[in-house]
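Working notes for the structure below.
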Amino acid sequence: MSTLEELSKAVIAGNEANVKSLTQAALHEGVKPLSVINDGLIAGMNVVGKRFKVGDMFVPEVLMSARAMAAGVELVKPLLAGGQMVNKGTIVLGTVKGDLHDIGKNLVGMMLESSGYKVIDMGVDTSPEEFVAAAQKNSAQIVGLSALLTTTMLAMKDTIEAFIQEGIRNNVKIIIGGAPISHTFAEEIGADGFAPDAASATELVGQLLA
Ligand code: B1M
């Protein structure tokens, strides 16, 4: 079994200590940092998602997998950071109201930071008003919304509405993402863009700011 396969298994098992040592082992073997994330850590979490769905895993186990994955991501993070001092733009990023999932959002933030953007991380369960206030306070060019639940996708629409109500919708580009989100949904709610993963989100921000 390859180190990346073992890493995926350690994420599924929620074994934080093994995730850390296998992440380090993979990096030591010369596996690219992004591949450690995508083919090791996220690959494991995808299996967790499938098992959770069919009732083979429960919330406490999923949380252990999530913590283990986050520990692995932390080790990879410094290797992704480009260390650029120039601020290419400011992005207010958060998980929308009612939603507590933050692993994907954190990955998006990490990739953006490593590409030279300033990221204001709003955390999880962020209300439309909090997004508006943060965008104004930080003169953000981009607002990034993440949602993992079909029920909280609707909070993305509410957030866009809040920018319209405040009269500042044209001052920012709003991008959205998360497992249940699609291009069609982005168009439906009037977002400026959708990205299916963290690397695409960084590309999208680059295009929108060009
Ligand atoms: Co939750 N959960 N969860 N969960 N959970 C899902 C989302 C679910 C699909 C599982 C399932 O049934 N298969 C399901 C949603 C079903 C639905 O809505 N249709 C679900 C459910 C039901 C729930 C609860 C309701 C369970 C319960 O309590 N009964 C509950 C809700 C809590 C709440 O939010 N109010 C809940 C709780 C949890 C935990 C707390 C246990 C934990 C979250 C821990 C944490 O985030 N700190 C958890 C987890 C871990 C998951 C799964 C298993 C994994 C999510 C994840 O981290 N994936 C998930 C199943 C799944 O998605 N396969 C599931 C890895 C991550 C890297 O991917 O987040 O998709 P993702 O991010 C990607 C892209 O989507 C994209 O880039 C990222 C990197 O490539 N992306 C963006 C994300 N945001 C973006 C923003 C962008 C652009 C791209 O621009 C701004």
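The values are calculated or read from the model by the stated rules, or taken from the named source; none is laboratory data. These numbers come from a predicted model, not from an experiment. All Cβ positions, glycine included, derive from the backbone under ideal geometry; neighbour counts span all protein chains shown. Side chains are part of the model used for accessible areas, which takes the heavy atoms of the whole protein and leaves out ligands, DNA and RNA. Shrake-Rupley method; radii C 1.70, N 1.55, O 1.52, S 1.80 Å.
A compact table of results
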item	result
Count of residues meeting criterion [more than 19 Å from Phe194 (Cβ to Cβ) and within 8 Å of the ligand (Cβ to nearest atom)] in the stretch 123-153	2
Subset of the stretch 154-197 (residues that are open to solvent by 20 Å² or more (accessible area, probe 1.4 Å) and near the ligand (Cβ under 8 Å from one of its atoms))	Gly178, Ala179, Pro180, Phe194, Pro196, Asp197
Tally of residues being in a helix (DSSP H, G or I) and of a type outside the set (A, V, I, L, M, F, W, C) across the stretch 170-209	11
Evaluation of Pro78 against (1) in a loop (DSSP other than H, G, I, E, B); (2) more than 12 Å from the ligand (Cβ to nearest atom); (3) not aromatic (Phe, Trp, Tyr) (one fails), failing number	(1)
Residues located in the stretch 12-70, provided they are among the β-branched types (Val, Ile, Thr) and surrounded by fewer than 18 Cβ atoms within 10 Å (Cβ to Cβ)	Val47, Val54, Val59, Val62
Conditions (1) under 19 Å from Lys88 (Cα atoms); (2) open to solvent by 10 Å² or more (accessible area, probe 1.4 Å); (3) within 11 Å of the ligand (Cβ to nearest atom): number failed by Ala201	(2)
Residue among Val36, Val96, Val108, Val31 that is more than 9 Å from the ligand (Cβ to nearest atom) and outside the structural domain of Val11 (by TED's automatic domain parsing)	Val96
Hey, Thr151 under 14 Å from Lys105 (Cβ atoms), among the hydroxyl-bearing types (Ser, Thr, Tyr) and outside any strand (DSSP E or B) or not	no
